[in-house]
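Notes follow once the structure below has been shown.
The values are calculated or read from the model by the stated rules, or taken from the named source; none is laboratory data. Computed from a predicted model, the values in this text were never measured in an experiment. When we count neighbours, we look across all protein chains shown, and the Cβ atoms used for this are built from the backbone with ideal geometry, even at glycine.
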2 protein chains.
Amino acid sequence: MPDPSQRDLMLQQEASQQIGGRVELSEAEQHLNTILHKLKEHDMTAPQFPPAMHFFKARNLIQRSPVFRLIQKMPKGAALHIHSSSLVSEDWLVKNVTYRPNCYICFTWDQSVRFLFSNHTPFPRWGCSFWKLLETLRANLRDPTDFDNSLMQNLTLFTEDPEKAYPTQESVWERFEQIFLAVSGLITHAPVFKDFVYRGLEQLYNDNVMYLELRTGLSRTYELDGTIHDQEWSLRAYKTVAQQFMEKHPDFLGTRIIITVHRVLSVSQVKAAIMEAIRMQKVYPEIVAGFDLVGREDSGRSLWYFREALSLPSELGISLPFFFHAGETDSEGTEVDENILDALLFNTSRIGHGYALTHHPLAKEVSRKRGVAVEVCPISNQVLKLVSDLRNHPAAVLMAEGHPVVISSDDPGMFGSSGLSYDFYEAFVGIGGLSAHLGTLKELAMNSIRYSSLSPSVKDRAIAIWQRKWDNFILENSPQRFATDKI
Amino acid sequence: MPDPSQRDLMLQQEASQQIGGRVELSEAEQHLNTILHKLKEHDMTAPQFPPAMHFFKARNLIQRSPVFRLIQKMPKGAALHIHSSSLVSEDWLVKNVTYRPNCYICFTWDQSVRFLFSNHTPFPRWGCSFWKLLETLRANLRDPTDFDNSLMQNLTLFTEDPEKAYPTQESVWERFEQIFLAVSGLITHAPVFKDFVYRGLEQLYNDNVMYLELRTGLSRTYELDGTIHDQEWSLRAYKTVAQQFMEKHPDFLGTRIIITVHRVLSVSQVKAAIMEAIRMQKVYPEIVAGFDLVGREDSGRSLWYFREALSLPSELGISLPFFFHAGETDSEGTEVDENILDALLFNTSRIGHGYALTHHPLAKEVSRKRGVAVEVCPISNQVLKLVSDLRNHPAAVLMAEGHPVVISSDDPGMFGSSGLSYDFYEAFVGIGGLSAHLGTLKELAMNSIRYSSLSPSVKDRAIAIWQRKWDNFILENSPQRFATDKI
Ligand SMILES: [Zn+2]
Ligand SMILES: [Zn+2]
């Protein structure tokens, strides 16, 4: 018979390789971990297992899970992969923004809406009905609640029957890009924009997130009279709003910006965007973190296609950190699938999604050796139809191997998730399975600071603040207050 | 800019790691490979991509795919993971077996059927209607075709709307085990049994499979008068039938048996079964390959639970090869999930399924170093609801890393697949993606001989026969005959 103690040793050895496997837990942490394990077992043996279901159907179940409630309270560190357009949830957009004066709406031929703030009726837009002032429209409605609900449906992918609404990857991406257009008229109105950013930081802060690296195209904002601000205006607005927020919340570390352009652009357009990003980084080094390309990889241009543009910084001897989306695909062996290797060849600082990374042993090794963290966004990958049952998410392999990984939410407003807790839940319960423990959560949270773009000294400060929060979290949720028999 | 030739080198290096990555293709093979690549691209960009769909819905599409037709013609080597009860397709069972004289049927309260051959009306069975002679029953039917179709529905999981019929893993497993009971009355009738085995070999042979390692519980067979044969009778029948088959098909290498018991048994029962397997191996060394435990891992007893029984052979100084099902689960971190490591600790010769292997880096390393091949059964894993889109099958990681892998079909009769071609298609197009090429198929076929239980000298003979078939396959499907412009 195999020696049982030898067997235990192998099981321990394997367990120690995983993310959090070498984190030493204090006695209080061990107590909490024991409870957490039981709570998770409970979720895993329930008739409906949330990570195996579409998030839109699982959200209610997750909200009721004690594991989720604990994760909500947990200091999760930083959100390193969120796009600006879906930073804030749709109900705030409808209930707050669309109720502001001078908000016009038109209805597009393809079942969407557009918004515009204006001090006069805007010039008709191609493909859209005549503009109507929302205030007037609502005054004539019998049931504004119903109308507001339908507006919300236009500003999020969240829906009750996602399989029916989005039968294919193509259809969900089409709706996804449609919603970006709908949202943009609302949030690029200059006064709204600042409130929007503030509200976004607030939602993260309330979810116990302490810092944000935001991917944004820095859309130009506009005033009521049609005046248009340049990209720098937005950049300064991010900075000012973050400062205002930090004054009220000194334990929040602000936001840094990853400037993005859509991969639909031409090489020369991307070249120009990179030159502009370099310029802005020079002027605002404290807030510009780097550069990325966005849009669906499967139907878009590859990183290698943009190689001339992406080599510009190094050719100029300038360091512009890259944070490339790469490998957000299940098309193995295609050109798109080479993005992961190319991201690494262009010295990316992190990999957005890296869903296909486990299919590339060489790239995986490079990413690990260089400490290039993978930004895993479970709910995004599920909603955008790469994987249905999150237990099959390839990050399970990365987590088991102790690969550098951070958890993020990609487009929380779009997916009905808000903050990081839902994605942490999916990663912890679904992807990590019963192997993942409190040490896993701890390492994932610390990873988000470790692999951020913050300077070493700010990182140290961040870790110190986070550690204080963590200790407090353990204290407040220790078995004395959170006894197993209450479960 | 990253040096393009350096980049090519890295892409090549990665490609060479995968299964088949180091297979050198002849000029004729390269020509065929080019065509195959184009055909696969065609399947991958079609509006409906079969490996992303449930096999029951994809089967028609697959049958029309030129990639599939080529795979059908390809000599695929050996089938190393098939269970006896589902060796033959349900239409043969209904159209041939149930039309034989003296076949009785009863209908169970839980929507299934039982069969029994008897020279008198059998004694009523608990939970079932009175027995009816099928001949009489059919004579009174207006539409026997309709009736036969409904019988077939009782002998296979295959159905038009699988998501509706089997909403959960539990429900599909329940039906699965139900069908085994329904089939058993038919195939354990001694005269049927021999024909059944012959027919099974024939189906494999027609699919260009040349050897079978069959997992079977060696059920006792019965005669019309109720006489019951012992397990040795079945073993001898396998041997005799295989010999008869080989006389007519000298390029077929026969079958060897992996004796199985259900994991629902007690430790002492498994001990007894192992002692009996050791005895039979001694008497029939040419046909008994080894031992395995079957039944759903998730709800069954773990290998470690049976440790006393499984250590018996080594304690007695006897070698009884194990071929354990292990890791056919998505419950990470549970006891079930330890089966993979335990299979290796008990020196398993191969791993059945190993679906969870990529979550266990240590076990994966051991399996690779020891050359313990993983028997990947894509359609089985999909039908039994471990994964829906086969592009997410973890074997993609194993294939990319060049892990020892063989492809098999587990329960072809049950899944409506027959032979190995459907599973090869899913593995080649779905799991392997565009990276997999003719070299991959070649290595997978050769693996099935390399990792079989055949003796080294028989393996050499098998490889020689296979090579001849392969060369012929290349010759017959070379571009001259199979031009791209015909596609
Ligand atoms: Zn993203
Ligand atoms: Zn099996």
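To keep it simple, each residue is scored yes or no on (1) buried (at least 20 other Cβ atoms within 10 Å of the Cβ); (2) within 16 Å of ligand 2 (Cβ to nearest atom); (3) among the aromatic types (Phe, Trp, Tyr); (4) farther than 27 Å from B:LYS38 by Cα.
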position	(1), (2), (3), (4)
A:TYR305	no, no, yes, no
A:ALA309	yes, no, no, yes
A:HIS325	yes, no, no, yes
A:LEU341	yes, no, no, no
A:ALA356	yes, no, no, no
A:LYS364	yes, no, no, yes
A:VAL372	yes, no, no, yes
A:SER380	yes, no, no, yes
A:LYS385	yes, no, no, no
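Given the residues B:LEU362, B:LEU386, B:LEU398, which is the only one that is assigned to a loop (DSSP other than H, G, I, E, B) and within 14 Å of chain A (Cβ to nearest Cβ)?
Numbers: B:LEU362 fails: assigned to a loop (DSSP other than H, G, I, E, B); B:LEU398 fails: assigned to a loop (DSSP other than H, G, I, E, B).
Answer to the check: B:LEU386.
Looking at this structure, is A:SER266 closer than 17 Å to A:GLY352 by Cβ, surrounded by fewer than 18 Cβ atoms within 10 Å (Cβ to Cβ) and out of contact with any Pro (no Cβ under 8 Å at 6 or more places or on another chain)?
No, not satisfied.
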TODO: Tally the residues that are assigned to a helix (DSSP H, G or I) and of a type outside the set (A, V, I, L, M, F, W, C), restricting the search to segment B:67-100.
DONE: 11
TODO: With the condition kept exactly as written, say whether any residue in segment A:28-36 is over 20 Å from the mean Cα position of the chain (by Cα) and either within 14 Å of another protein chain (Cβ to nearest Cβ) or within 16 Å of ligand 1 (Cβ to nearest atom) (or both).
DONE: yes
Task: Condition met for B:GLY333 (closer than 19 Å to B:LEU362 by Cβ, assigned by the TED database to the domain that holds B:LEU218 and of a type in the set (Gly, Ala, Ser)) - done: yes
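For B:PRO2, are the conditions met, namely being surrounded by 17 or more Cβ atoms within 10 Å (Cβ to Cβ), closer than 30 Å to A:LEU345 by Cα and in contact with a Lys or Arg (Cβ under 8 Å, 6 or more places away or on another chain)? Please lay out each step first, then the result.
On the way: surrounded by 17 or more Cβ atoms within 10 Å (Cβ to Cβ): yes; closer than 30 Å to A:LEU345 by Cα: yes; in contact with a Lys or Arg (Cβ under 8 Å, 6 or more places away or on another chain): yes.
Answer is yes for this residue.
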Task: Any helices (runs of 4 or more DSSP H) falling wholly within segment A:111-223 and containing at least 1 residues that are within 30 Å of A:LEU386 (Cβ to Cβ) and within 17 Å of the chain's Cα centre (by Cα) - done: A:169-187, A:190-206
Task: Single condition A:ALA427 does not satisfy, out of (1) within 25 Å of A:GLU401 (Cα to Cα); (2) over 17 Å from the mean Cα position of the chain (by Cα); (3) not hydroxyl-bearing (Ser, Thr, Tyr) - done: (2)
TODO: Can you give me the number of residues within segment B:245-273 that are aromatic (Phe, Trp, Tyr) and not in a helix (DSSP H, G or I)?
DONE: 1
- [ ] Assess whether B:GLU276 counts as being charged (D, E, K, R) and part of a strand (DSSP E or B).
- [x] no
TODO: Filter segment B:167-195 down to residues that are among the acidic types (Asp, Glu) and closer than 19 Å to B:CYS103 by Cβ, then give me how many there are.
DONE: 1
Open item on the list: Where the second residue is of a type in the set (Lys, Arg) and part of a helix (DSSP H, G or I) and the first is farther than 22 Å from B:HIS31 by Cβ and more than 7 Å from chain A (Cβ to nearest Cβ) and lies in segment B:425-440, which pairs have Cβ atoms under 9 Å and are six or more apart or on separate chains?
Closed with: B:GLY430/B:ARG391; B:ILE431/B:ARG391
- [ ] Specify which of the listed residues (A:ALA78, A:ALA46, A:ALA52) is assigned by the TED database to the domain that holds A:ARG368 and on the phi < 0 side of the Ramachandran plot.
- [x] A:ALA78
- [ ] From B:ILE105, B:ILE35, grab the single residue that is in contact with a helix residue (DSSP H, G or I) (Cβ under 7 Å, 6 or more places away or on another chain), part of a strand (DSSP E or B), more than 16 Å from ligand 2 (Cβ to nearest atom) and farther than 24 Å from B:PRO378 by Cα.
- [x] B:ILE105
Task: Residues being of a type in the set (D, E, K, R) and either facing another protein chain (nearest Cβ under 8 Å) or touching a Ser or Thr at 6+ places or on another chain (Cβ under 7 Å) (or both) - total across segment B:365-383 - done: 1
Task: Verdict on A:SER65 being more than 16 Å from ligand 2 (Cβ to nearest atom), of a type in the set (Ser, Thr, Tyr) and within 30 Å of B:SER171 (Cβ to Cβ) - done: yes
Task: Filter result for the condition that a residue is of a type outside the set (Phe, Trp, Tyr) and within 28 Å of A:GLN178 (Cβ to Cβ), over A:VAL294, A:VAL283, A:VAL288 - done: A:VAL294
Task: Flag for A:GLY300 being more than 20 Å from the chain's Cα centre (by Cα) and either touching a residue at least 60 places away in the same chain (Cβ under 8 Å) or more than 14 Å from chain B (Cβ to nearest Cβ) (or both) - done: yes
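Okay, residues lined up against (1) within 18 Å of B:PRO4 (Cα to Cα); (2) hydroxyl-bearing (Ser, Thr, Tyr); (3) within 10 Å of another protein chain (Cβ to nearest Cβ); (4) under 22 Å from the mean Cα position of the chain (by Cα):
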{"site": "A:LEU312", "(1), (2), (3), (4)": "yes, no, yes, no"}
{"site": "A:PHE322", "(1), (2), (3), (4)": "no, no, no, yes"}
{"site": "A:ASP330", "(1), (2), (3), (4)": "no, no, yes, yes"}
{"site": "A:ASP342", "(1), (2), (3), (4)": "yes, no, yes, no"}
{"site": "A:PHE346", "(1), (2), (3), (4)": "yes, no, yes, no"}
{"site": "A:ARG350", "(1), (2), (3), (4)": "no, no, no, yes"}
Open item on the list: Take the residues in segment A:404-424 that are hydrophobic (A, V, I, L, M, F, W, C) and in a helix (DSSP H, G or I); name whichever of them is nearest to the other protein chains (Cβ to nearest Cβ).
Closed with: A:PHE424
TODO: Please specify each residue of segment A:42-60 satisfying the condition of being at pLDDT below 95 and out of contact with any helix residue (DSSP H, G or I) (no Cβ under 7 Å at 6 or more places or on another chain).
DONE: A:THR45, A:ALA46, A:PRO47
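Quick check on my filter: what residues within segment B:365-381 are more than 24 Å from B:MET74 (Cα to Cα) and outside any loop (DSSP other than H, G, I, E, B)?
The answer is B:GLU365, B:VAL366, B:SER367, B:ARG368, B:LYS369, B:ARG370.
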